[in-house]
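Engineer: Quick one: this structure, given as structure tokens, is what I'll be asking you about.
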Amino acid sequence: MSVLAQTPLEKGTLPKSWLSGGPNCADVPEWQVHQYNPTFYVLRQSGCINYEKPFLYLFIGRERALLIDTGAGKSTAAAFVGSLLKKHGTLPLVVAHSHGHGDHVAGDAGFAEMANATVIPATVEAHQKAFGIAKWPTDIGAIDLGDRVIDVLAIPGHHPAHVAYYDRKTGVLITGDHLYPGRLYVTDFAAYKASTARMIEFTEQRPVTHILGCHIEQSDTPFVDYPTGTVYQPQEHALALSRTHLLALFAGLEKMGSKPEQLAQRDFTIVPRAPRQSKQ
């Protein structure tokens, strides 16, 4: 057993359900925030602002904070995160991303204007430099927030510069759009499968309390998802998945062999498709 596996984890809680976007948008705040524990926040942008309803993650260290993703559409994440950080003093903020699609980087401009904030572009080169990933995508990088080390894994396949984040303090693995309860769009099948295998290997000797992606598209009915563009999702799937789902994802990819095709699983759907032609 590894040293990491023996380290006691900081416990926390996730809500039983999240606001999505309705039924009355006048009653839904632009941001829903849940404090998992004193130093880890989960934020969700309202579907009334953008139907993607992405989740953002804020980790607090002794010396600086790390935000993963900045939201979609007309995102005011900078102002909202800035207000959250006030209770933690004057910590510098590092703004990073799971990947570079528009619904994860739309709020970057606000942070570029924020004092004491550093924005890491969602590119392979920027991720390698910021997190010390010498050989892409096989080497593992990290960022030390001060008494809080977060490992960074390159996981291309959905997006060329996609990365996952593993928080050693809580055992939470942030997987962006690679794995979440919804439609898993695969644009490079070989890379996506290899990335899934690396995450499985990485988590063999590390405790994983939750796997948290950046969307919920699945309903709480097995094999049934909400159509693209849905704003109000009153019976949606829980956000958190587990390592069992990671193994199920790899098994589904293996089942396809050399012929990638759409495959519905109980808690997500694998959707191979051509790469996006635009930045959005």
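Engineer: If I filter the stretch 81-89 for residues that are basic (Lys, Arg) and free of Cβ contacts under 8 Å to residues at least 12 places away in the same chain, do I get at least one hit?
Structural biologist: Filtering the stretch 81-89 for residues basic (Lys, Arg) gives 86-87.
Narrowing further to those that are free of Cβ contacts under 8 Å to residues at least 12 places away in the same chain: 86-87.
So far as the stretch 81-89 goes, yes, one or more of its residues are basic (Lys, Arg) and free of Cβ contacts under 8 Å to residues at least 12 places away in the same chain.
Engineer: Please enumerate the residues belonging to the stretch 40-55 that are touching a helix residue (DSSP H, G or I) at 6+ places or on another chain (Cβ under 8 Å) and either over 19 Å from Glu236 (Cβ atoms) or without any contact (Cβ under 8 Å) to a residue 24 or more places away in the chain (or both).
Structural biologist: We begin by selecting, within the stretch 40-55, every residue touching a helix residue (DSSP H, G or I) at 6+ places or on another chain (Cβ under 8 Å); these are 41, 43, 45-46, 48, 50, 52, 54.
Listed by number, the list holds a single entry, Tyr41.
Engineer: Another one. Of all residues in the stretch 31-73, which are in a loop (DSSP other than H, G, I, E, B) and either touching a Cys at 6+ places or on another chain (Cβ under 8 Å) or under 22 Å from Glu10 (Cα atoms) (or both)? Before the answer, list the steps.
Structural biologist: Within the stretch 31-73, the first condition is being in a loop (DSSP other than H, G, I, E, B), and the residues that meet it are 38-39, 46-54, 61-64, 69-73.
Selection gives Pro38, Thr39, Ser46, Cys48, Pro54, Gly61, Arg62, Glu63, Arg64, Asp69.
Engineer: Of the numbered conditions (1) farther than 15 Å from Leu263 by Cβ; (2) surrounded by 20 or more Cβ atoms within 10 Å (Cβ to Cβ), Tyr192 satisfies every one except a single condition; which is it?
Structural biologist: Here Tyr192 meets the rest and fails (1).
Engineer: Can you tell me which of Pro222, Pro227, Pro272 is modelled with pLDDT of 95 or more, buried (at least 18 other Cβ atoms within 10 Å of the Cβ), more than 18 Å from the chain's Cα centre (by Cα) and over 23 Å from Tyr41 (Cα atoms)?
Structural biologist: On the way: Pro222 fails: buried (at least 18 other Cβ atoms within 10 Å of the Cβ); Pro227 fails: buried (at least 18 other Cβ atoms within 10 Å of the Cβ).
Of the residues listed, the single one that is modelled with pLDDT of 95 or more, buried (at least 18 other Cβ atoms within 10 Å of the Cβ), more than 18 Å from the chain's Cα centre (by Cα) and over 23 Å from Tyr41 (Cα atoms) is Pro272.
Engineer: Collect the residues in the stretch 217-259 that are hydroxyl-bearing (Ser, Thr, Tyr) and touching a His at 6+ places or on another chain (Cβ under 8 Å), keeping them in residue-number order.
Structural biologist: Matches in the stretch 217-259: Ser219, Ser242.
Engineer: Something else about it: Among strands (runs of 3 or more DSSP E) lying entirely in the stretch 163-276, which contain 1 or more residues that are at positive phi?
Structural biologist: 172-176
Engineer: Next question. Need the failing condition index for Glu10 against (1) at pLDDT 95 or above; (2) outside any loop (DSSP other than H, G, I, E, B); (3) closer than 23 Å to Tyr165 by Cα; (4) more than 16 Å from the chain's Cα centre (by Cα), just the number.
Structural biologist: (2)
The values are calculated or read from the model by the stated rules, or taken from the named source; none is laboratory data. Here the structure is a predicted model, which is why all the values come from computation and not from measurement. Neighbour counts are summed over all protein chains in view; Cβ atoms, including those assigned to glycine, are modelled from backbone coordinates with ideal geometry.
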